[in-house]
1. Residue-wise, which Karplus ³J(HN,Hα) couplings in Hz belong to region 103-112, taking 6.51 cos²θ - 1.76 cosθ + 1.60, θ = phi - 60°, and x for glycine or proline?
2. Principal axis lengths of region 23-138 from Cα atoms, whole Å, largest first?
3. In sequence order, what are the phi-derived ³J(HN,Hα) couplings for region 42-52 according to the Karplus relation 6.51 cos²θ - 1.76 cosθ + 1.60 with θ = phi - 60°, rounded to whole Hz, with x for glycine and proline?
4. Given the Cα-Cα distance of LYS74 and GLN100 and 0.36 nm per residue of separation, how much length would full extension add, in nm?
5. Amide H neighbours of VAL139 under 5 Å, counting only residues 5+ apart in sequence or on other chains, H built in-plane at 1.01 Å?
6. Net charge within 9 Å of THR142 by Cβ-Cβ distance, Lys/Arg positive one each and Asp/Glu negative one each, not counting THR142 itself?
7. Between region 143-179 and region 63-91, what is the C-alpha centre distance in whole Å?
8. Do the alpha carbons of any pairs in LYS23/LYS74; LYS74/LYS156; LYS42/LYS160; LYS68/LYS156; LYS81/LYS118 sit beyond 31 Å of each other, and which pairs?
Amino acid sequence: MKKIILSITLLMSAMAGYCQLIKPVKLDSLVTISLPPGYQTKDTLNEHIFTANGMYGYMIAFREANAKNNTPLKTQSDLNKVMKTYIKGIQAQQPGSSAQYVRDTTIGTLKAKTFTLKSDDGNGVITCRNFVLIYTQDVTYTIEYVYPAERTDVVKPEYKAFIASIKLSPELQRNDQYLSNATGMSSTTKIEVFGGAGLVVLVILVLIAVKTKKKEPALG
């Protein structure tokens, strides 16, 4: 219990310290994230990149406009496929790297993916890159926190505060990611449907067997 309380205290203290040093920065009119003073920006045709040095890690907020003729995704399954493709693309940019701890999360009303990419420079120096991916029909947002593997324990408070600072406009809703809220049949529903169908088939087979037996001529 003491360890838990100490961890929470350290986390709250680190978040408070971090929040005193940072200020909200608009990636666009819909998404805001907080960065330390002295952050840098770079603009290209379709990209807007924000970078900054934290106390323990390097922060990157990447806004990329999707193709103007981008086809709206229909279901959550389609979104998962797109995110999986993005993760593979990011991993391909770092030969010898591996995407770990891939999981779903929610930011505001939107679905997001988080994962850690670990890469080795060949000399035993391992770099970790924590990612948060947010996909919408018009824009893909990539939030990244980079740090040496030996700092894994000490970076947690700063990283959590950095990610917690992501704010979305109420204008962004789930249908900005995919159109249908249908996720298909749940496991329970599948059991009920297919189990019920199996029972009906069994009853039909029994009735056929009984009817056939009655038609059989008596012996003797």
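FYI, it's all coordinate maths here, none of it is from the lab. Bear in mind the structure is a predicted one, so any value in this text is a computation, not a measurement. When we count neighbours, we look across all protein chains shown, and the Cβ atoms used for this are built from the backbone with ideal geometry, even at glycine.
1. Rounded to whole hertz, the list is 8, 8, 8, 10, 10, x, 9, 9, 7, 9.
2. Principal axes ranked by extent give 45, 32, 27 Å for the Cα atoms.
3. Whole-Hz 3J(HN,Hα) from phi for region 42-52: 9, 10, 10, 4, 10, 10, 9, 10, 10, 10, 7.
4. Length gained, LYS74 through GLN100: 6.6 nm.
5. Close amide H contacts, sequence-distant or interchain: ASN66.
6. Value of the local net charge: -1.
7. 18
8. LYS23/LYS74; LYS74/LYS156; LYS68/LYS156
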